[in-house]
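A quick write-up on the structure given underneath.
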Amino acid sequence: MSPRKGALPYAGGTDVGLIRSGNEDSYLVNAPLFAVADGLGGHQAGEVASRLAVEVLLGEAPKRADAKALSRAVRNANMAVIEAAQSGVGRTGMGTTITAAMVDGTRIVLAHVGDSRAYLLHLGTLTQITEDHSMVADMVRAGTLTLEESRVHPSRSVITRALGSDPNLLVDAFEVTASPGDRLLLCSDGLTSMVEDVEIERILATSPAPQTAVATLIATANDGGGQDNITAVVVDIGGGTAVAAPRADAAPARETGGNHWLARIAWLFVAIAIIAAAAYAAYAYARSQAYVIDENGVVVVYSGVPGEFAGVTLNWLESVTAIPTDELDPITATRLKDGVRVDGLKPAFALIAEYRLQVEPSSDTSAPADPTVTP
Ligand code: MN
């Protein structure tokens, strides 16, 4: 995976930096396929995740530059990281970013997840062509944080998307058209958090060969503190391409993104509607039901159903009668301990009328306070 010697139009390199004990970044230089992955998880798990992602990408990437197929390869890498963690390789919670590119002449196809980045240097000017999937990038986009503040924010390393957690991972996949002489950079945040874009731009514009650019970028990140692993892949664009393509589509056309958001929101509404319909159906059913039950020695009538469902009770007290349960026949009295369910209030009150008949003759005959009915 390391570049062969010679004047190749591309090069890659990685360095542990000055603070970290291990290097959890991985990269791939296998023209026309290039990638950088920044592993997360600590205790070597991040290294497992980033290396696995890059290996799966190498095995699954299309032969020719194709955004959809490259995106599919990244999704397969995602599943591989998830399954590895589940089967005890690495550890639960490990993940990785990935920024992958396929170069075909001046066409560059990208698939990207996380806060590693792709930049394009065109006529000496550097443009970031990936969007960071990170909390601070979201805040910058929302206007609650400036780009400068985001560089020193305490949560700057919190990423909002990574391979290794969500089986329905959303991958940014798109294509840009470069010009001959442009230079593509893929890098991990260990470079961009230590070296400002203007400095990266200067190094890329002044380094004669990709190999020199990679070495200088890594050295400069270490000069800046080397607080994280540093990885850079540099590719010179346009070798062998005769025709300069106009940069009409400098703004990358996103293949994924908006539509997926809409789909997700739509699904959310569907889910809420299903839950609401189920809740209403349960409520309507309960309202059609009734039961009589022994409470504190007397028969009580409820509409609804006894007990609770998912922490919700669906019953409403209708009537507390004066009928003593222990004066009913023993079988009825026993059944009333748990409640006797009926289809609605009408049959419930019909039952009450029956119970009253059972109780009243005895209460009439045994009522010494009423001498008129005593024989
Ligand atoms: Mn990093």
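We did not get these values from a lab; they are worked out from the coordinates using the rules stated. The structure displayed is predicted, hence computed values, not measured ones. All Cβ positions, glycine included, derive from the backbone under ideal geometry; neighbour counts span all protein chains shown.
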What is the projected area of the convex hull of the Cα atoms of segment 296-349, averaged over all directions, in nm²? 4.0
Let's test the formula: R0 of 22 Å, r as the Cβ-Cβ distance of Asn296 and Glu360. What FRET efficiency results, to the nearest 0.05? 0.60
At q = 0.14, 0.18, 0.20 Å⁻¹, what log₁₀ I(q)/I(0) does a Debye calculation on the Cα points of segment 77-233 give, no solvent, two decimals? -0.76, -1.19, -1.35
Give the aspartates and glutamates reachable from Lys337 as a straight Cα distance under 15 Å; neighbours fewer than 8 places away on the same chain don't count. Asp294, Glu295, Asp326, Glu327, Asp329
Given N residues in segment 102-180, what is its alpha carbon radius of gyration divided by 2.2 N^0.38 Å? 1.25
Working out 0.36 nm times the residue gap between Asp138 and Ala273, then minus their Cα-Cα distance, what length gain in nm do you get to one decimal? 45.7 nm
Nearest-0.05 FRET efficiency for Asn76 and Thr160 at R0 = 25 Å, using Cβ-Cβ distance, is 0.70
